[in-house]
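Here is the structure we will look at, set down as structure tokens.
The values are calculated or read from the model by the stated rules, or taken from the named source; none is laboratory data. Remember, it's a predicted structure, so these values are computed and weren't measured experimentally. Here the Cβ positions follow ideal geometry from the backbone for every residue, glycine too, while neighbour counts run over all protein chains shown.
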Amino acid sequence: MSNVIDDEVEKLYQRLKKDAESGGYYINSDLEFTKGIVKGLIVNEKRYGYQVCPCRLAAGNKKEDLDMICPCDYRDPDLNDFGTCYCALYVSKEVINGKKELESIPDRRPLKEEREKMDKKQSETNISSLSKPVWRCKVCGYLCGRDEPPEICPICKVKKDRFEIFMK
């Protein structure tokens, strides 16, 4: 890696680590592996304009890739079920403490057709008695009732575009 790339990787790694720790998450302690994933995030951000998971095939369309932008929508369920997210950037406390070993895990991302069905079903959900819509962070599940979602999720730090209307 060139010095510029090394500097970018170190800067993003430190930011991800800080954000993870402040939200109660852990970054994989294998520095060489982890910085490889971080480099992939940087490459994808330069390629697509957003940090899509380097372990999945991106469509290059932000709307279609939104569920795979790091941290992806599948991070928390993967951590709960397997102790790691799909790309192993985020790991559980058990992995950090050496009580659980990392292993390959299945990709829980639904096929495109299934995602489209889920999106359509979600958009049809409506509860008309609420005074404000309820927004849900698709990554961590944070809920808030307001006219617009927050610019940044206070829990997992993802941007506004990672929220969906949960109830209206």
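Considering the stretch 114-143, the residues that are modelled with pLDDT of 90 or more and farther than 17 Å from Asp73 by Cβ include one that is surrounded by the fewest Cβ atoms within 10 Å (Cβ to Cβ), namely Val134. Could you list all residues from the stretch 15-49 that are surrounded by fewer than 12 Cβ atoms within 10 Å (Cβ to Cβ) and over 22 Å from Gly98 (Cα atoms)? Correct list: Lys46, Arg47, Gly49. Do you know which of the residues in the stretch 11-30 that are touching a helix residue (DSSP H, G or I) at 6+ places or on another chain (Cβ under 8 Å) and free of Cβ contacts under 8 Å to residues at least 60 places away in the same chain is nearest to Thr84 (Cα to Cα)? For the stretch 11-30, the residue satisfying everything is Tyr13.
I need the full set of residues from the stretch 136-168 which are of a type in the set (D, E, K, R) and either touching a Gly at 6+ places or on another chain (Cβ under 9 Å) or in a loop (DSSP other than H, G, I, E, B) (or both), in order please. Steps first, please.
The first filter runs over the stretch 136-168 and keeps only residues of a type in the set (D, E, K, R), leaving 136, 138, 146-148, 151, 157, 159-162, 164, 168.
Matches in the stretch 136-168: Lys138, Arg146, Asp147, Glu148, Glu151, Lys157, Lys168.
Just one of (1) free of Cβ contacts under 8 Å to residues at least 12 places away in the same chain; (2) touching a helix residue (DSSP H, G or I) at 6+ places or on another chain (Cβ under 8 Å); (3) more than 30 Å from Glu114 (Cα to Cα) trips up Ala59, so point out which. So the condition that Ala59 fails would be (3).
Residues checked against (1) over 25 Å from Lys160 (Cβ atoms); (2) over 13 Å from the mean Cα position of the chain (by Cα):
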| position | (1), (2) |
| --- | --- |
| Ala20 | no, no |
| Gly36 | yes, yes |
| Val52 | no, no |
| Arg56 | no, no |
| Gly60 | no, yes |
| Ser104 | yes, yes |
| Glu113 | yes, yes |
